[in-house]
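Everything on this sheet refers to the single structure shown next.
The values are calculated or read from the model by the stated rules, or taken from the named source; none is laboratory data. From a predicted model like this one, the values you see are computed outputs, not experimental measurements. Ideal geometry is used to build each Cβ from the backbone, glycine not excepted, and the neighbour counts take in all protein chains shown. Each accessible area value is taken on the protein alone, full model and side chains, heavy atoms only, with ligands, DNA and RNA left out. Shrake-Rupley method; radii C 1.70, N 1.55, O 1.52, S 1.80 Å.
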Amino acid sequence: MLDAKLLEDIKSRRTFAIISHPDAGKTTITEKVLLFGRAIQKAGTVKGRGNATHAKSDWMEMEKERGISVTTSVMQFPYQDCIVNLLDTPGHEDFSEDTYRTLTAVDSCLMVIDAAKGVEDRTRKLMEVTRLRDTPIVTFMNKLDRETRDPMELLDEVESELQMMCAPITWPIGCGKEFKGVYHIHRDEVILYQSGQGSQIQEKRVISGLNNPDVDQAIGDDLATQLRDDLELVMGASNEFDEELFLSGELSPVYFGTALGNFGVDHMLDGLTQWAPPPKSRQSELREVSSEDEGFSGFVFKIQANMDPKHRDRIAFMRIVSGTYTKGMKMRHVRIGKDVTISDAVTFMAGDRTSAQTAIAGDIIGLHNHGTIQIGDTFSQGEALKFTGIPNFAPEMFRRIRLKDPLKQKQLQKGLIQLSEEGAVQVFRPMRNNDLIVGAVGVLQFDVVVHRLRTEYKVEAVYEGISVSTARWCRCDDEKKLEAFKNKAHDNLALDGGDNLSYLAPTMVNLNLSVERHPEVEFLKTREH
Ligand code: G4P
């Protein structure tokens, strides 16, 4: 049995990530969340804003800024009675694999929607990923200080497009220049908005009771009447908050506000810390591991290179599933079967890299990685656990990579395999020749790989076009049938960085034909590490 204090500490953890479409306001909300977590004094100090634009314009530029921006990969701060771990996800869609894997390390998500635009593409995609694990979702409708769409219509859109029931917790009073604040349905309070105070925590005027005459005075008779009418409609037409449905990922509490104006973010945080689940258990091949289990365990969901430009280190981000990390402890690196002493893990309290003394279930720690740690690796206190569910996604773009100096083939191969183990890119070696084919989910990954090959592995490489349009991992439990398939499909088969059999299809038509011809083989779009 864990002692009561530790149990309480575990239950106080809230580990979440933000999902949104670029420009919906993720960076701005992060900043305001940190402001409320007292991790920063004044908004406007979080660097790495607008990752997406940087990524689009020039990766090298991003590299320069990386030392700063990636330290905000994980941010830990106290809020109310909770310790919150906010995991950042790359803004640019070319790094979406990283984002997907980060979503395996959280227990809940905040979905930010631009209230003028509604549900957008990337949000849709990310929601598909959260659905795999029924992750509870809190929704924030942002940018109410601008002209927005009708709030009821926004809820309808979330319900129909994302198949997620909505339960409004606050309701907006006007929008754009007429934005006056929100009515907090659960607290029966009107909270008034004042513009121009976005950079700090503001004292807000709160009026208790919807029917309080002060409301009419504060927002005007017309808006007050409309608000009461709207609410009657909303209460009749929308769902009530239901904790069970929220925890099973079927219903989302919805908040309205403006991140820029720093209004409503605290209501959302109150809801998130109150309702979002404490560290959940995780499935391993052996058994389900609960956050209340005593022995230490965790899995690596992301590896990041060059966190600090002065030290060319890589950091492996590990989500602790159970137990306690203490400085200098021994952990079993399960895949390679070795015990390692970890004396210098980093935590991310308030965005700074500091040496962690202890960390518990729900927390993220960073391990210095000298090339032995891979995405998906499990660490334990001796038990041969292997956590499941950390995905690789079939790449959608392919290029052949060629060396400028042919004598460096070994380094190239080593570099590519290491980068693929990190999840930076995927590499395929066709069975019929000695080509090396790089597969990526986004085009920017190609540039990153060539740059890193040059700086970290001292090889100059260039790309050539290749007619591969998609890849699938192949699985067949019947050895004989697998051999027959290998012979027949030989020309299209390859091994990936982890020696897994893959099918490289020149066209979708070709893929569909092969799938039809070989019903004994599974063609998989995702593969677990
Ligand atoms: P992202 O990380 O999701 O990509 O979005 P980010 O926070 O960078 O916000 C995108 C743009 O939207 C920024 O403007 C930001 O200031 C603005 N924004 C965020 N929240 C609100 C809000 O509540 N109201 C209004 N009116 N705007 C908001 P930008 O012009 O692209 O950047 P900047 O020059 O302001 O930094």
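Is at least one residue of the stretch 210-219 in contact (Cβ under 8 Å) with a residue 40 or more places away in the chain and surrounded by fewer than 17 Cβ atoms within 10 Å (Cβ to Cβ)?
Scanning the stretch 210-219 turns up no residue that is in contact (Cβ under 8 Å) with a residue 40 or more places away in the chain and surrounded by fewer than 17 Cβ atoms within 10 Å (Cβ to Cβ).
Based on what the data block shows, is PRO172 farther than 30 Å from ASP214 by Cα and either free of Cβ contacts under 8 Å to residues at least 40 places away in the same chain or in contact with a Phe, Trp or Tyr (Cβ under 6 Å, 6 or more places away or on another chain) (or both)?
For PRO172, the condition - farther than 30 Å from ASP214 by Cα and either free of Cβ contacts under 8 Å to residues at least 40 places away in the same chain or in contact with a Phe, Trp or Tyr (Cβ under 6 Å, 6 or more places away or on another chain) (or both) - is not met.
Does LEU227 satisfy the criteria of being outside any loop (DSSP other than H, G, I, E, B), modelled with pLDDT of 95 or more, surrounded by 16 or more Cβ atoms within 10 Å (Cβ to Cβ) and of a type outside the set (Gly, Ala, Ser)?
Considered against the rule, which asks whether it is outside any loop (DSSP other than H, G, I, E, B), modelled with pLDDT of 95 or more, surrounded by 16 or more Cβ atoms within 10 Å (Cβ to Cβ) and of a type outside the set (Gly, Ala, Ser), LEU227 comes out as yes.
Could you figure out which of (1) more than 16 Å from the ligand (Cβ to nearest atom); (2) touching a residue at least 60 places away in the same chain (Cβ under 8 Å); (3) under 30 Å from CYS82 (Cα atoms) isn't true of GLU244?
Looking at each condition in turn, GLU244 falls short on (2).
Quick one: which residue in ARG131, ARG146 is under 24 Å from GLU250 (Cβ atoms) and basic (Lys, Arg)?
After ruling out the rest, the residue left standing is ARG131.
Could you please find all residues in the stretch 106-132 being of a type in the set (Gly, Ala, Ser), in contact (Cβ under 8 Å) with a residue 60 or more places away in the chain and within 16 Å of the ligand (Cβ to nearest atom)?
ALA115
Can you name every residue in the stretch 271-289 that is among the hydrophobic types (A, V, I, L, M, F, W, C) and modelled with pLDDT of 95 or more?
Once the filter is applied, which keeps residues that are among the hydrophobic types (A, V, I, L, M, F, W, C) and modelled with pLDDT of 95 or more, the stretch 271-289 yields LEU272, TRP275, ALA276, VAL289.
GLY174 is checked against (1) touching a helix residue (DSSP H, G or I) at 6+ places or on another chain (Cβ under 7 Å); (2) open to solvent by less than 10 Å² (accessible area, probe 1.4 Å) and fails just one. What number does that condition carry?
Unmet for GLY174, out of (1) touching a helix residue (DSSP H, G or I) at 6+ places or on another chain (Cβ under 7 Å); (2) open to solvent by less than 10 Å² (accessible area, probe 1.4 Å): (2).
Would you mention how many residues in the stretch 180-197 are open to solvent by 10 Å² or more (accessible area, probe 1.4 Å) and closer than 19 Å to ASP114 by Cβ?
Selection size over the stretch 180-197: 2.
Restricting the search to the stretch 482-529, which residues are part of a loop (DSSP other than H, G, I, E, B) and surrounded by 13 or more Cβ atoms within 10 Å (Cβ to Cβ)?
Those that are part of a loop (DSSP other than H, G, I, E, B) and surrounded by 13 or more Cβ atoms within 10 Å (Cβ to Cβ): ALA489, GLY497, GLY498, ASN500, PRO506, HIS518, GLU520, VAL521, HIS529.
Of all residues in the stretch 133-152, how many are in contact (Cβ under 8 Å) with a residue 12 or more places away in the chain, away from the ligand (no atom under 16 Å from the Cβ) and loosely packed, with under 15 Cβ neighbours inside 10 Å?
Total meeting the criteria: 1.
The conditions are (1) crowded, with 22+ Cβ neighbours inside 10 Å; (2) at pLDDT below 85, and ILE401 fails exactly one of them. Which is it?
Among (1) crowded, with 22+ Cβ neighbours inside 10 Å; (2) at pLDDT below 85, ILE401 violates only (2).
With respect to GLY389, determine if the residue is under 18 Å from PRO279 (Cβ atoms), assigned to a loop (DSSP other than H, G, I, E, B) and either modelled with pLDDT under 85 or polar (S, T, N, Q) (or both).
It is true that GLY389 is under 18 Å from PRO279 (Cβ atoms), assigned to a loop (DSSP other than H, G, I, E, B) and either modelled with pLDDT under 85 or polar (S, T, N, Q) (or both).
Report, by residue number, each residue of the stretch 474-529 that is of a type in the set (Val, Ile, Thr) and either in contact with a helix residue (DSSP H, G or I) (Cβ under 8 Å, 6 or more places away or on another chain) or under 26 Å from GLY423 (Cα atoms) (or both).
Of everything in the stretch 474-529, those that are of a type in the set (Val, Ile, Thr) and either in contact with a helix residue (DSSP H, G or I) (Cβ under 8 Å, 6 or more places away or on another chain) or under 26 Å from GLY423 (Cα atoms) (or both) turn out to be THR507, VAL521, THR526.
Just a yes or no: is a residue in the stretch 33-48 among the charged types (D, E, K, R), at pLDDT below 90 and under 30 Å from PHE296 (Cβ atoms)?
Yes, some residue in the stretch 33-48 is among the charged types (D, E, K, R), at pLDDT below 90 and under 30 Å from PHE296 (Cβ atoms).
Among the residues of the stretch 69-90, is any within 11 Å of the ligand (Cβ to nearest atom), modelled with pLDDT under 70 and either surrounded by 20 or more Cβ atoms within 10 Å (Cβ to Cβ) or farther than 23 Å from MET318 by Cβ (or both)?
There is no residue in the stretch 69-90 that is within 11 Å of the ligand (Cβ to nearest atom), modelled with pLDDT under 70 and either surrounded by 20 or more Cβ atoms within 10 Å (Cβ to Cβ) or farther than 23 Å from MET318 by Cβ (or both).
This table checks each residue for (1) open to solvent by less than 10 Å² (accessible area, probe 1.4 Å); (2) of a type in the set (Lys, Arg); (3) farther than 17 Å from GLY298 by Cα; (4) part of a loop (DSSP other than H, G, I, E, B).
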{"site": "ALA359", "(1), (2), (3), (4)": "yes, no, no, no"}
{"site": "GLY376", "(1), (2), (3), (4)": "yes, no, no, yes"}
{"site": "GLN418", "(1), (2), (3), (4)": "no, no, yes, no"}
{"site": "GLU421", "(1), (2), (3), (4)": "no, no, yes, no"}
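Would you be able to say whether some residue in the stretch 256-274 is in a loop (DSSP other than H, G, I, E, B) and more than 16 Å from the ligand (Cβ to nearest atom)?
For the stretch 256-274, residues in a loop (DSSP other than H, G, I, E, B) and more than 16 Å from the ligand (Cβ to nearest atom): absent.
Might you check whether a residue that is under 16 Å from THR139 (Cβ atoms), within 16 Å of the ligand (Cβ to nearest atom) and among the aliphatic types (A, V, I, L, M) occurs anywhere in the stretch 276-284?
No, the stretch 276-284 contains no residue that is under 16 Å from THR139 (Cβ atoms), within 16 Å of the ligand (Cβ to nearest atom) and among the aliphatic types (A, V, I, L, M).
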